[in-house]
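Data first, discussion second: the structure below is written as structure tokens.
Just so you know, all these numbers are worked out from the coordinates, no wet-lab data involved. These numbers were taken from a predicted model, which means no experiment stands behind them. FYI the Cβ positions are ideal-geometry reconstructions off the backbone, even for glycines, and counts take in every protein chain you see.
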Amino acid sequence: MGMAPEKENIMGTMSEGKLLFKLALPMIISGMTIMMSGVFQAMGHSGRSLAVSIVQAAFLVGSAALLAIAGSTTLVWIAFPISEIVIFALSLVFLRGLYKRYLDSVPEQ
């Protein structure tokens, strides 16, 4: 029993998205970003964690919308790894600030 043409098209699109998702390895980056958000909260800087979450949502929606204008669903799937990389970079900038503030000033023994 074959699938309807629309369903085959959807399945093909989903397999493209899964492949791009796996190739970019955004889950590892996402895990590190979540860990850094936990560090921000533990250090008493929950505002940085909130900023990371808000920027991530805004950047993901914005980049997906811009890539959707190009007309290819494959490009929309690329918005996820792009968003994760940008948020990871932002989290590293915030983490560097915490390092300079708290750990650089600790005297060595």
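Miscellaneous remarks
- Ascending count of other beta-carbon atoms within 10 Å, so fewest first, for VAL93, VAL86, VAL76, VAL106: VAL106, VAL93, VAL86, VAL76
- Length added when fully stretched, VAL86-ALA58, from 0.36 nm per residue minus Cα-Cα: 8.9 nm
- With neighbour counts taken as other beta-carbon atoms within 10 Å, the residues SER105, SER72, SER37 rank, fewest first, as SER105, SER72, SER37.
- Relative pair counts by distance (%), Cα atoms of the range 61-109, 5 Å bins: 4, 20, 16, 12, 10, 9, 8, 7, 6, 4, 2, 1
- THR73, THR33 arranged by Cβ crowding within 10 Å, fewest neighbours leading: THR73, THR33
- Between ALA65 and ASP104, the modelled label-to-label distance comes to 3.7 nm, taking each label 7 Å out from Cα in the direction of the beta carbon.
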